[in-house]
Amino acid sequence: GFYAIDDTCTHRGGPLSEGELSGKEVTCPWHGAVFDVTTGQVLRPPAPAGISSYNLRVEGGDIEVEL
């Protein structure tokens with residue numbers, strides 16, 4: 001599946017796109033906060049809050065993200 005979330009960790013602004021993805025969890029490369037890529041919910045500190053997640057759809061070869 002495809003998921004769309006913000007790229008910035010709510011702890012210190014780490015780039016989540018550079019983090020490790022394991023199943024549906026992404027780990028911030030800077031301090032280890034973990035987020036659920038399906039909802040944006042923070043699963044492990046030090047992040048104080050979740051991140052935004054966005055609806056999307058696949059149309060042919062395109063991925064459209066609702067902002």
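The values are calculated or read from the model by the stated rules, or taken from the named source; none is laboratory data. Nothing here was measured: the structure is a model prediction, and the numbers come from that model. All Cβ positions, glycine included, derive from the backbone under ideal geometry; neighbour counts span all protein chains shown. Protein only, heavy atoms only, side chains kept; ligands, DNA and RNA dropped before computing areas. Shrake-Rupley method; radii C 1.70, N 1.55, O 1.52, S 1.80 Å.
How much length would be gained if the chain were fully extended between S22 and D62, taking 0.36 nm per residue of separation minus their Cα-Cα distance, in nm to one decimal?
12.0 nm
Assuming R0 = 25 Å, can you tell me the calculated FRET efficiency for the pair R12 and Y54, based on Cβ-Cβ distance, to the nearest 0.05?
0.65
Just order 2-9, 42-49, 26-33 by mean Cβ neighbour count inside 10 Å, highest at the front, would you?
Result, highest mean first: 26-33, 2-9, 42-49.
Where the accessible area of the chain is counted over protein heavy atoms with a 1.4 Å probe, how much of it, in %, is carbon and sulfur?
Here carbon and sulfur together make up 46 percent of the probe-accessible area.
Report relative contact order for the chain in percent, whole number only (criteria: Cα-Cα under 8 Å, sequence separation at least 6).
Relative contact order of the chain: 29 percent.
Take the Cα gyration tensor of the chain, multiply each eigenvalue by 5, square-root it, and list the three semi-axes largest first, rounded to whole angstrom.
Taking √(5λ) for each Cα gyration eigenvalue gives 22, 11, 10 Å.
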